[in-house]
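The values are calculated or read from the model by the stated rules, or taken from the named source; none is laboratory data. Since the model is a prediction, treat every value here as computed from it, not as a measurement. These area figures cover heavy atoms from the full protein model, side chains too; ligands, DNA and RNA do not enter into them. Shrake-Rupley method; radii C 1.70, N 1.55, O 1.52, S 1.80 Å.
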Amino acid sequence: MDSPVPPSPQHRPAESPAEPRVRRRDRHGRGMRGPVAPPQVPLSASRADTFRDLVLDSVERLERHWPQLADVEFLVLEVPPSVPGETVPLGGSVPAEKGEPARVVVYRRPVEIRSKSRDERALLVHEVIVEQVAELLGLSPESVDPRYGQD
């Protein structure tokens, strides 16, 4: 006869030491979840990664014509520091000081908010970088990149 009461601890077979079981299936029997896309597919890149790539592409374009930009640090920050009563900047630059290299900063969230598509975002990122590099070099943006403002 089957008894609904489990056997007492004295009658249970000896158990092996607690070893973690390897799970080959989830609780619904469909198998473990894996990545949606392999890492080499653009789908797996985050928005921050794709934005960083836009900045790097723009910097590489400018460094071909302006070799002195190799000493400039280009940074991507999420948002600028808040200053009440002022407009939100898209970027900024800091000249070189006492052993610190010059820096150009692009603020990701304000740029993303002001652009609708990837192409528009790439164009805006390039314009922000050109403007900040022009400010560092003491030139006009058109002299840094002749195509500035034409696209």
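When the solvent-accessible surface of protein heavy atoms is calculated with a 1.4 angstrom probe, in what order do SER58, SER93 fall, highest first? Before the final figure, lay out each step's value.
Numbers: SER58 5, SER93 30 Å².
Per-residue accessible area, sorted high to low, gives SER93, SER58.
What's the extension gain from GLU100 to GLN40 if we count 0.36 nm per residue and subtract their Cα-Cα distance? Numbers along the way, then the final one.
Working: separation 60, 0.36 × 60 = 21.60 nm, distance 3.58 nm.
Working it through step by step, the gained length comes to 18.0 nm.
Under a 5 Å amide H cut-off, with hydrogens placed 1.01 Å from N, ALA102 pairs with GLU73, ALA96 among residues at least 5 apart or on other chains. Solvent-accessible surface of segment 44-151, taken per residue with a 1.4 Å probe and all protein chains present: 62 Å².
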